[in-house]
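Asks: Handing you a structure now.
The values are calculated or read from the model by the stated rules, or taken from the named source; none is laboratory data. Treat the numbers as computed from the prediction; the structure is a model and nothing was measured. Cβ placement follows ideal geometry from the backbone for every residue including glycine, while neighbour counts extend to all protein chains displayed.
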Amino acid sequence: GWVTQLDERYQTFIQQQLDPLLAAQTRQQQLTALSEGKPPPPINQLERQNNRYLGIAGGVIGTALVGSWLFPPLLIPTVVMVAYLMLDLYQQTFHSLLHEKRLTLELLASLYLTGFWLAGYYIFGGLVLLLYFLANKIVFQMEGRSRDHLTHLFGQQPREVWQLIDGVEVSLPFDQLQVGDVIVVHAGEPLPVDGVIVNGLASIDQQMLTGESQPVEKGVGDTVLASTLLLNGRLQIRVEQAGTKTIAAQIGQILSQTAEYHTEIESKGTKLANDMILPNIALGVLAWPVQGFTGSVAVLGAGFGFNMRTVSLLGMMNYLSIASRHHILIKNGRALERLKEVDTVVFDKTGTLTLDQPQVACLHLVPDGLSETELLTYAATAEYRQPHPIAKAILAAAAARNLSLPAIDEGSYEVGYGIRVWVQQDLIRVGSERFMAQEGLTLPESLQTLPATCQSQGQALVMVAVNEQVVGALELHTTIRPEAAAVIQELQQRKLSVRIISGDQEAPTRQLAGTLGIENYFANTLPENKANLIKQLQEEGHVVCFIGDGINDAIALKQADVSISLRGATTIATDTAQIVLMDHSLSSLGYLFKLADQFDHTLQTGFWTTVVPGVICVGGVFLAGFGIYASEILFQLGFFSGLGVAMKPLLTEPDLNERTVLQK
């Protein structure tokens, strides 16, 4: 009906006009960029109701002003609106007292506002209600809406797949796949199912699911997993699990069933405010026999809790804005508070401390064979059209040496499990040891032990053959992020314990830890075990920050006290993480910890600037007979002094370019 339509228009107005005022423009742009074009999450029912209360509280102020000074009958709808707002407040108060067994700001607000209405201070009462619901609004902005609308964890399933029927590839809707069907997957495509290879050889990138830093070779009889990427080759796969039954989807199910470790943690501002409630109420009770009902209400209006909560939330929003200026998206404000208490930082290895693209570390030549320049030229020529990270690494190495690549005939270029290409009169083959064996080529004696050595160390090896001879190999190593060493050093200087948890093999994990000066690491770790290791550290008394980027990191990200990911990581990682580093880099991690220190200092300063006027108010009621007007003036003085403290960091924060120069 028309009421629903009016409400929708009002909700849209609040979302478009008020929300942007409470959230920094840069932060909103970052949230939009992270959503990758997905529609914004809907406003949940609690926030919609709070928006309605905010509008009604504004109406109370308006009708109370007109009713008190110009047209007294308007006080009747004022009382009706107040009763409606107070009913919800009373319900929240009873729920906190009876079910949660704790005192909350709702109790103090109920007593204080009831006193206001009974004493006839409608205008001031409406103003307090407006500030109360505005503070709630800031909470919704601070926490974000991503928890209410977690995007699809693994992207959209393909609408159709290619099923093999009597040797013919037939298009089939994905949701009609059955266990036992055989599908065909081509190079460059993600695998849509868990299954077993029945025909073909391929190189598969499993990094985001298992954490392995190098592609894995798969052949007939090997198991493959959904959400991994087929780099080259062509596979026929017998379906074993599809849809919600794949391992990737099961990770999502575990994630949705895992309680967040930090959900019961109150914000520091709210905790400080709640701690002041009992003394505030006790003083109000004592004031009644001494200064009467008005004095009791005036003491309740000292506002220790109200101002502390509001100021801490405004300060939080300002620090989220400062973070966004420095390419740090903090989706949940409580993470910034909790970061101050972190004593252990745990990194995922692959994709977090390392880059996706490896680097050519060594060229292995056959005696009396090609030179390094010739070997690299042939390899780069063959890989020229390939999009996968290994090909890009080989091309980058050739570019670094300013090599000129010969032209090749389109008709002579064949891509399968490996690459076959004619360069002038020579047949060049580039691929793995397994590909060379498939081509009937034998490794020369000088290269025969190399594949086993590289595999044990988690390094990739690409063989190159000219005509019927294997003439050399390119060894590729994982590339450590250029900023990683400095970031680790800065964290260690803060006396933080730094660790690595990786799904990769022992040797490359140990080597990376040694290079970065990290003593503690865990290798060959399954996704669910990552979360268990985080939980174990928490049970030992540590406050843990986990930084990861893959599907296999999602459960650990949710378990951690503070979770961080990088833009460009998997959707599930950036959806789950509380903080996202938007510049694809770890460089701002140290600044993030400094920001947490600064926010804690601001919070402590704000506490005293809001408490002192409250103390003066209480003293004034008992010693000088202050009434409700004096109490309200001191309440506003405490609010605005705290507001100044909350706004100061935003006004004094140096420009980003200035900070960059200072860092250099």
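Asks: Out of the range 393-418, which residues are modelled with pLDDT under 85 and outside any loop (DSSP other than H, G, I, E, B)?
Replies: Once the filter is applied, which keeps residues that are modelled with pLDDT under 85 and outside any loop (DSSP other than H, G, I, E, B), the range 393-418 yields Glu410, Gly411, Ser412, Tyr413, Glu414, Val415.
Asks: For the range 505-530, enumerate the residues that are in contact with a Ser or Thr (Cβ under 8 Å, 6 or more places away or on another chain) and under 18 Å from Leu586 (Cβ atoms).
Replies: Of everything in the range 505-530, those that are in contact with a Ser or Thr (Cβ under 8 Å, 6 or more places away or on another chain) and under 18 Å from Leu586 (Cβ atoms) turn out to be Thr509, Leu512, Tyr521.
Asks: Sticking with this structure for a sec: Would you say Gly1 is closer than 27 Å to Ala83 by Cα, modelled with pLDDT under 80, more than 25 Å from the chain's Cα centre (by Cα) and of a type outside the set (Lys, Arg)?
Replies: Considered against the rule, which asks whether it is closer than 27 Å to Ala83 by Cα, modelled with pLDDT under 80, more than 25 Å from the chain's Cα centre (by Cα) and of a type outside the set (Lys, Arg), Gly1 comes out as yes.
Asks: With Ile480, Ile500 as the choices, which residue is within 23 Å of Thr570 (Cα to Cα) and either over 21 Å from the mean Cα position of the chain (by Cα) or not assigned by TED's automatic domain parsing to the domain that holds Thr571 (or both)?
Replies: Ile480 is the lone residue from the list that is within 23 Å of Thr570 (Cα to Cα) and either over 21 Å from the mean Cα position of the chain (by Cα) or not assigned by TED's automatic domain parsing to the domain that holds Thr571 (or both).
Asks: Looking at the range 635-653, which of its residues are touching a residue at least 60 places away in the same chain (Cβ under 8 Å), assigned to a helix (DSSP H, G or I) and under 34 Å from the mean Cα position of the chain (by Cα)? It would help to see each step written out before you state the result.
Replies: So in the range 635-653, the residues touching a residue at least 60 places away in the same chain (Cβ under 8 Å) come out as 635, 638-639, 642-643, 645-647, 649-650, 653.
Within this subset, residues satisfying the condition of being assigned to a helix (DSSP H, G or I) are 635, 638-639, 642-643, 645-647, 649-650.
Matches in the range 635-653: Phe639, Gly642, Leu643, Val645, Ala646, Met647, Pro649, Leu650.
Asks: Moving on. Right, Gly440: in contact with a Ser or Thr (Cβ under 6 Å, 6 or more places away or on another chain), in a loop (DSSP other than H, G, I, E, B) and either under 24 Å from Thr344 (Cβ atoms) or not assigned by TED's automatic domain parsing to the domain that holds Val543 (or both) or not?
Replies: In short, no.
Asks: Can you confirm whether the range 149-168 contains a residue that is β-branched (Val, Ile, Thr) and at pLDDT below 80?
Replies: The answer is yes; a qualifying residue exists.
Asks: Next question, about the same structure. Name the residue, out of Glu341, Glu337, that is part of a helix (DSSP H, G or I) and under 30 Å from Asn529 (Cβ atoms). Explain how you work it out, then say what you get.
Replies: Values: Glu341 fails: part of a helix (DSSP H, G or I).
Among Glu341, Glu337, only Glu337 is part of a helix (DSSP H, G or I) and under 30 Å from Asn529 (Cβ atoms).
Asks: Quick one: in the range 325-336, which of the residues that are at pLDDT below 85 and crowded, with 21+ Cβ neighbours inside 10 Å is nearest to the chain's Cα centre (by Cα)?
Replies: First pass over the range 325-336, keeping only residues at pLDDT below 85: 325, 331-334.
Adding the requirement that they be crowded, with 21+ Cβ neighbours inside 10 Å leaves 331-334.
On the way: Lys331: 7, Asn332: 9, Gly333: 12, Arg334: 13 Å.
If we take residues in the range 325-336 being at pLDDT below 85 and crowded, with 21+ Cβ neighbours inside 10 Å, then Lys331 is nearest to the chain's Cα centre (by Cα).
Asks: Another question, if that's okay. Being of a type in the set (Ser, Thr, Tyr), modelled with pLDDT under 85, outside the structural domain of Asp166 (by TED's automatic domain parsing) and surrounded by 15 or more Cβ atoms within 10 Å (Cβ to Cβ) is the requirement here; does Thr228 meet it?
Replies: no
Asks: Are any residues in the range 604-634 out of contact with any helix residue (DSSP H, G or I) (no Cβ under 7 Å at 6 or more places or on another chain) and either among the aromatic types (Phe, Trp, Tyr) or outside any helix (DSSP H, G or I) (or both), and if so, which ones?
Replies: Step one: filter the range 604-634 for residues out of contact with any helix residue (DSSP H, G or I) (no Cβ under 7 Å at 6 or more places or on another chain), giving 604, 608, 612, 615, 619, 623-624, 629, 633.
Those that are out of contact with any helix residue (DSSP H, G or I) (no Cβ under 7 Å at 6 or more places or on another chain) and either among the aromatic types (Phe, Trp, Tyr) or outside any helix (DSSP H, G or I) (or both): Trp608, Tyr629.
Asks: Name the single residue that is modelled with the lowest pLDDT among those in the range 4-38 being aliphatic (A, V, I, L, M) and more than 23 Å from the chain's Cα centre (by Cα).
Replies: This residue is Leu21.
Asks: Any idea which residue in the range 480-501 is surrounded by the most Cβ atoms within 10 Å (Cβ to Cβ), counting only those that are among the aliphatic types (A, V, I, L, M) and not in a helix (DSSP H, G or I)?
Replies: By that ranking, first place goes to Ile501.
Asks: Say whether the condition of being under 31 Å from the mean Cα position of the chain (by Cα), of a type in the set (Gly, Ala, Ser) and buried (at least 22 other Cβ atoms within 10 Å of the Cβ) is met by at least one residue in the range 450-460.
Replies: The answer is yes, given that some residue of the range 450-460 is under 31 Å from the mean Cα position of the chain (by Cα), of a type in the set (Gly, Ala, Ser) and buried (at least 22 other Cβ atoms within 10 Å of the Cβ).
Asks: Moving on. Pairs under 9 Å by beta carbon, first residue closer than 17 Å to Thr478 by Cβ in the range 213-234, partner crowded, with 17+ Cβ neighbours inside 10 Å and of a type in the set (Asp, Glu), six or more apart or different chains?
Replies: Listed by first residue and then by second, the contacts come to Ser213/Asp504; Gln214/Asp205; Gln214/Asp504; Pro215/Asp205; Val216/Asp205; Leu231/Asp205.
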